[in-house]
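Input: a single structure, listed below in structure tokens.
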Amino acid sequence: MNIFRGFKATLTLFFVFIFANCLFAAVSELKIGSNKVGSTWYVQAACIADVVRTRYPDVKIDASPIAGGIGNLKLLAQNKMNIALVMGNNAQWAYGGTVLFEKPIQNIRALAGGLDQFYVGIAVRRGSGIKSLEDIAKNKQKIRLMTVQRGTTGEASASQILEACGFSYEDIKKWGGSVEHTDFEAITNAMKDGRCDVFIQALSKGHPTFTELAVTGKIDLIDLSKTTLDFLKKYGYSQSVLPANSFKGQTRELVLPGYRSVIMVTDKMDDDTAYKITKAIVENKEALRKGHKAFDDFDPKKAQTPGNLGGVPLHPGAIKYYKEIGQLK
């Protein structure tokens, strides 16, 4: 009986040891939350993981096609994710508990921001006669507006831009127009068929939907007044210039609401790992650029600035690195 009890105790300890090692392996394996396979973010996450592994082989890290901007922040809040790409303006909403977040998410910490440049694009149907969103509000013009699904960054941006211009979804309907929240395929087809007048959505240079519509001559891209852009600062948007000829038919530069990606972690990440990831990103811009042109707009000297971090505090490991190189006092 004593032998059996001894064997049982040994077996129990063995399984505890195995479980602990499996748990440790799961925790030490970092998966950068990004977006679906093939998206800009997924490729960017893979590039970041590659430069980190190259510089620090002991850091086990890879890209993961999970969630997207808003979803990544919510998973970080639940500690179901330990590192992710997020948008700077989304991070501001999350940390303050505003817009798409019912309560503040304050376990998040930033490593490096300003990794790229995104814009809120405003496409109007060519031939619609629409010159500005502000004119739509002034004239109470009947329009057919389309956005992506509710609860996403793109849809929230559309709603905020309308607010800044002085009208809302309900006003559009009251003036005899329509509002539809759907997917890219439906929006593309509607614009091609003349069933959509205005499409508002996050874009980057080379965005496939905007590129397709521009090439087919179905849209014109317009910008916003300085007054409208100033209003949008409270939601974390910068005033960003989309260079002329970024899309076919766009012959002048446009000043649009902009935001940039941030690599975000939780406060549970150890200082040494956070330090290594930060250092690898900041010191390897050229390697990142070779992986994806989105990193062309990354300025490593501004990676730690509050405006590029959505107001989220830096992780202590990142602070240590930025102090070492003189970018923080």
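For the reader, a short list of remarks on this structure follows.
- Any hit, the stretch 248-263, residues being over 30 Å from residue 123 (Cα atoms) and surrounded by fewer than 23 Cβ atoms within 10 Å (Cβ to Cβ): no
- Among the residues of the stretch 53-74, those that are open to solvent by 20 Å² or more (accessible area, probe 1.4 Å), in contact (Cβ under 8 Å) with a residue 12 or more places away in the chain and farther than 26 Å from residue 235 by Cβ comprise 54, 55, 56, 60, 62, 65.
- Test: residue in the stretch 23-45 that is modelled with pLDDT under 80 and open to solvent by less than 60 Å² (accessible area, probe 1.4 Å): yes
- Pairs are defined by a Cβ separation below 8 Å, a sequence spacing of at least 6 or placement on different chains, a first member in the stretch 255-272 that is over 19 Å from residue 49 (Cα atoms), and a second member that is of a type in the set (D, E, K, R) and in a loop (DSSP other than H, G, I, E, B); the pairs so defined are 255/223; 256/223.
- Residues of the stretch 75-99 classified as without any contact (Cβ under 8 Å) to a residue 12 or more places away in the chain and polar (S, T, N, Q), total: 2
- Of all residues making up the stretch 66-108, the number that are of a type in the set (D, E, K, R) and over 21 Å from residue 30 (Cα atoms): 2
- Of all residues in the stretch 73-101, those that are aliphatic (A, V, I, L, M) and in a helix (DSSP H, G or I) total 6.
- Among the residues of the stretch 88-101, none is identified as in contact with a Ser or Thr (Cβ under 7 Å, 6 or more places away or on another chain) and either of a type in the set (Ser, Thr, Tyr) or open to solvent by 20 Å² or more (accessible area, probe 1.4 Å) (or both).
- As a summary of the residue check, residue 267 satisfies the conditions (1) farther than 30 Å from residue 246 by Cβ; (2) touching a Lys or Arg at 6+ places or on another chain (Cβ under 6 Å); (3) open to solvent by less than 30 Å² (accessible area, probe 1.4 Å) except for the one numbered (3).
- A count restricted to the stretch 217-229 and to residues that are surrounded by fewer than 20 Cβ atoms within 10 Å (Cβ to Cβ) and among the aliphatic types (A, V, I, L, M) stands at 1.
- Tabulated pairs, the stretch 316-329, first polar (S, T, N, Q), second surrounded by fewer than 20 Cβ atoms within 10 Å (Cβ to Cβ) and modelled with pLDDT of 95 or more, C-beta under 9 angstrom, 6+ apart or interchain: 327/300; 327/301; 327/302; 327/305
- Residue match in the stretch 200-216 (condition: open to solvent by less than 40 Å² (accessible area, probe 1.4 Å) and over 24 Å from the mean Cα position of the chain (by Cα)): no
- Conditions (1) within 19 Å of residue 135 (Cβ to Cβ); (2) open to solvent by 30 Å² or more (accessible area, probe 1.4 Å): number failed by residue 232: (2)
The values are calculated or read from the model by the stated rules, or taken from the named source; none is laboratory data. Everything quoted here is computed from the prediction, not taken from an experiment. Neighbour counts are summed over all protein chains in view; Cβ atoms, including those assigned to glycine, are modelled from backbone coordinates with ideal geometry. All accessible areas refer to the heavy atoms of the entire protein, side chains included, with ligands and DNA or RNA removed. Shrake-Rupley method; radii C 1.70, N 1.55, O 1.52, S 1.80 Å.
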